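The values are calculated or read from the model by the stated rules, or taken from the named source; none is laboratory data. Because the structure is a prediction, the values reported are computed rather than measured. Quick reminder, even Gly has a Cβ in these numbers, built from the backbone with ideal geometry, and neighbours come from all protein chains shown.
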């Protein structure tokens, strides 16, 4: 049995999505009652899984700078765009989680950026501010999936912690499907830090080549 209090669906609304590159997808946005952290997370339901297949699920943490303003300091915006298309093709859900800056908040994230400009990596910058490397808890995500009737899934993520937390919370993560690699000269140090500090499944060799270039 899942180790959390049940949440319920609050409302569902159809929203046609359109991205700057012209890609479009029809989605249903779902809101919830009873989420453990009290935040306004939403589920973006896309497509319909084929019979007998597990839905493809992405846990996407909100990133105002990357998702909205197109910041090149992270890979969040491209990952969001990729996830919507891949999930729409397969059928599944993108959970848009209000966990800015790996859970430390927008202002603290920007403070950490200032320290990164002085040479610290993203995790060392958080530590220098007296903040956790990653403050995210995925209990609300597990509640949302359960409320949607999803008990087994394939997880679109390079982050092993997401799969581990969902499994601990009682969900059957059949497989972890890697995302694309969206490296640029502006975010390569950030991506390398994710590989070295938290075992994200990104090709370190390719990132080293970009750094050298």
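The rows are residues; the columns are (1) in the same structural domain as residue 70 (by TED's automatic domain parsing); (2) part of a loop (DSSP other than H, G, I, E, B); (3) under 13 Å from residue 56 (Cα atoms); (4) under 13 Å from the mean Cα position of the chain (by Cα).
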| residue | (1), (2), (3), (4) |
| --- | --- |
| 123 | no, no, no, no |
| 126 | no, no, no, no |
| 131 | no, yes, no, no |
| 142 | yes, no, no, no |
| 150 | yes, yes, yes, no |
| 153 | yes, no, yes, no |
| 158 | yes, yes, no, yes |
| 162 | yes, no, no, yes |
| 170 | yes, yes, no, no |
Inset, instruction - For residues that are over 27 Å from residue 144 (Cβ atoms) and touching a helix residue (DSSP H, G or I) at 6+ places or on another chain (Cβ under 8 Å), scanning just the stretch 125-134, find the one that is surrounded by the most Cβ atoms within 10 Å (Cβ to Cβ). - result: 125
Inset, instruction - Please enumerate the residues belonging to the stretch 57-76 that are touching a residue at least 60 places away in the same chain (Cβ under 8 Å) and within 13 Å of the chain's Cα centre (by Cα). - result: 57, 58, 59, 61, 74, 75
Legend entry - Residue selected from the stretch 3-13 under the condition assigned to a loop (DSSP other than H, G, I, E, B) and in contact with a helix residue (DSSP H, G or I) (Cβ under 6 Å, 6 or more places away or on another chain), by the criterion modelled with the lowest pLDDT: 4
Legend entry - The one condition in (1) farther than 28 Å from residue 117 by Cα; (2) surrounded by fewer than 19 Cβ atoms within 10 Å (Cβ to Cβ); (3) out of contact with any helix residue (DSSP H, G or I) (no Cβ under 9 Å at 6 or more places or on another chain) that residue 105 fails to fulfil: (1)
Inset, instruction - Within the stretch 21-35, identify whether any single residue is within 21 Å of residue 179 (Cα to Cα), surrounded by fewer than 19 Cβ atoms within 10 Å (Cβ to Cβ) and free of Cβ contacts under 8 Å to residues at least 60 places away in the same chain, and answer yes or no. - result: yes
Inset, instruction - Pick out the one residue from 75, 37 that is in contact with a helix residue (DSSP H, G or I) (Cβ under 7 Å, 6 or more places away or on another chain) and under 30 Å from residue 117 (Cα atoms). - result: 75
Inset, instruction - Inspect all residues belonging to the stretch 201-209 and state whether any of them is under 25 Å from residue 57 (Cα atoms), modelled with pLDDT under 85 and in a helix (DSSP H, G or I). - result: yes
